[in-house]
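Okay, structure first, notes after.
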Amino acid sequence: MTTQIEVEDLHLRLGSAKRGTHALDGVSLHVGQGERLGLVGESGAGKSTLLKVMMALLQPDSGAVRFRGKPLTDTDAIRELRRSAAMVFQDPRSSLDPRMSVGRAITEPLRSPVARRTTRQQRKDRLAKVMVDVGLEPDAACRFPHEFSGGQRQRIAIARALITDPDILFADEPVSALDVSVRAQVLNLLNDLVRERGLTMVFVSHDLGVVRHLCDTVAVMSRGRVVEQGRLTDVYRDPQHEVTRELLRAIPRIRLDDSTH
């Protein structure tokens, strides 16, 4: 399996020298092509911080992040990462501009300086296809985010992430802001899209139950460290760390469609 992202001995302190915290404390892991990695841990464990470093949105104090063998201190490597990866954020209400139509919001990444050049017709065609892919009517492209439910807004956010045909999808707690009644629908959709497109995925969650249905490997974090990692089936069946056992005991009873298993 070709390594896409490699993280080596990351350290990052946030805040002041006296009152700051070690957000990342010696984190090492790698993500292979086509792998679906779940980053799991309690609030404040360092999951989202690690995701931001992997996306070159934060710089570590020490350690290295490499994308396809190139360090993310290299401008060309960062540009390649930006072309190849996309992000789904936690709360679609804050990640979607309320003044921008849904169609404009979804196609906005195609206008990025690092995006591959597309014509107006290509953007229109891609928009129609990706809206259908996430279960939305293409005619809704002229509407605005406030006209949609929370679950529909997250579908819009997923469509925006997929519009550039990325190889890698980063997802930061993408269903935690949704009502329980629609979480399973969005998770099933995300699971199907990732499998159909053969995407590599890094999925952040505090819920091992959610990760179990979406990921094949897992890294459990606590206080800025990775305390356990491996194939999800092995970790789920025989957890070695108390933090992992606590997360397993806390799994809520959420049932996804059997078709996703």
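The values are calculated or read from the model by the stated rules, or taken from the named source; none is laboratory data. Note that the coordinates shown come from a computational prediction; the quantities given were computed from them, not determined experimentally. Every residue, glycine among them, receives a Cβ derived from its backbone with ideal geometry; neighbour counts consider all protein chains shown. Note: accessible area is taken over every heavy atom of the protein model, side chains too, but ligands, DNA and RNA are not part of it. Shrake-Rupley method; radii C 1.70, N 1.55, O 1.52, S 1.80 Å.
On C-alpha positions alone, give me the angle between the axis of helix 180-197 and the longest principal axis of the chain, in degrees, nearest 10.
90
How high is the relative contact order of region 59-172, in percent, with contacts defined as C-alpha pairs under 8 Å that are six or more residues apart? Walk me through the numbers on the way to the answer.
Numbers: 137 pairs, mean separation 44.9, N = 114.
39 percent.
Per the 1.4 Å probe, what fraction of the accessible area of region 6-151, in percent, lies on carbon and sulfur atoms? Walk me through the numbers before you get to the answer.
Working: 3900 of 8000 Å².
Carbon and sulfur together cover 49 percent of it.
Return the FRET efficiency for the residue pair Ser112, Arg19: r is the Cβ-Cβ distance, R0 is 25 Å, and the value is rounded to the nearest 0.05.
The calculated FRET efficiency here is 0.10.
Which whole-number percentage describes the relative contact order of region 175-244, with Cα contacts under 8 Å and a sequence gap of 6 or more?
Working: 49 pairs, mean separation 12.6, N = 70.
Taking the mean separation of contacting Cα pairs over the length of region 175-244, I get 18 percent.
Apply the Karplus curve 6.51 cos²θ - 1.76 cosθ + 1.60, θ = phi - 60°, to the phi angles in region 155-168 and return the couplings in whole Hz, x for Gly and Pro.
Per residue, the Karplus-derived 3J(HN,Hα) values read 4, 4, 5, 5, 4, 4, 5, 8, 4, 8, 6, x, 8, 10 Hz.
Tell me which aspartates and glutamates have Cα within less than 14 Å of Lys47's Cα, excluding those fewer than 8 residues away on the same chain?
Asp25, Asp172, Glu173, Asp207, Glu228
For Lys124, give me every one of the aspartates and glutamates with a C-alpha distance below 19 angstrom, ignoring sequence neighbours fewer than eight places off in its own chain.
Glu108, Asp133, Glu137, Asp139, Asp165
For Cα pairs less than 8 Å apart in space and 6+ apart in sequence, what is the mean separation divided by the residue count of the chain, i.e. the relative contact order in percent? Please report the intermediate quantities before stating the final value.
Details: 492 pairs, mean separation 67.7, N = 261.
Averaging sequence separation for qualifying contacts and normalising by length gives 26 percent for the chain.
Just for the chain, what percent of DSSP beta bridges are antiparallel, to the closest 5? Before the final figure, lay out the partial values.
On the way: 22 of 41 bridges.
That works out to approximately 55 percent antiparallel.
Before I look further, what does the chain give for accessible area per residue, probe 1.4 Å, in whole square angstrom?
Values: 13350 Å² over 261 residues.
Accessible area per residue: 51 Å².
In degrees, nearest 10, range 0 to 90: what is the angle between the Cα axis of helix 120-133 and the longest Cα principal axis of the chain?
60
Go through (1) 50, 44, 39; (2) 49, 39, 36; (3) 56, 37, 36 and flag the label whose value is the computed Cα extents along the principal axes in Å for this structure.
(1)
What does the helix-only formula give at 222 nm for the chain: each DSSP H stretch with n ≥ 4 adding -39500 (n - 2.57), the total divided by the residues, and the result rounded to the nearest 500 deg cm²/dmol? Present the calculation step by step, with values, prior to reporting the outcome.
Details: 10 runs with 94 residues, N = 261.
Counting only the DSSP helices, I get -10500 deg cm²/dmol.
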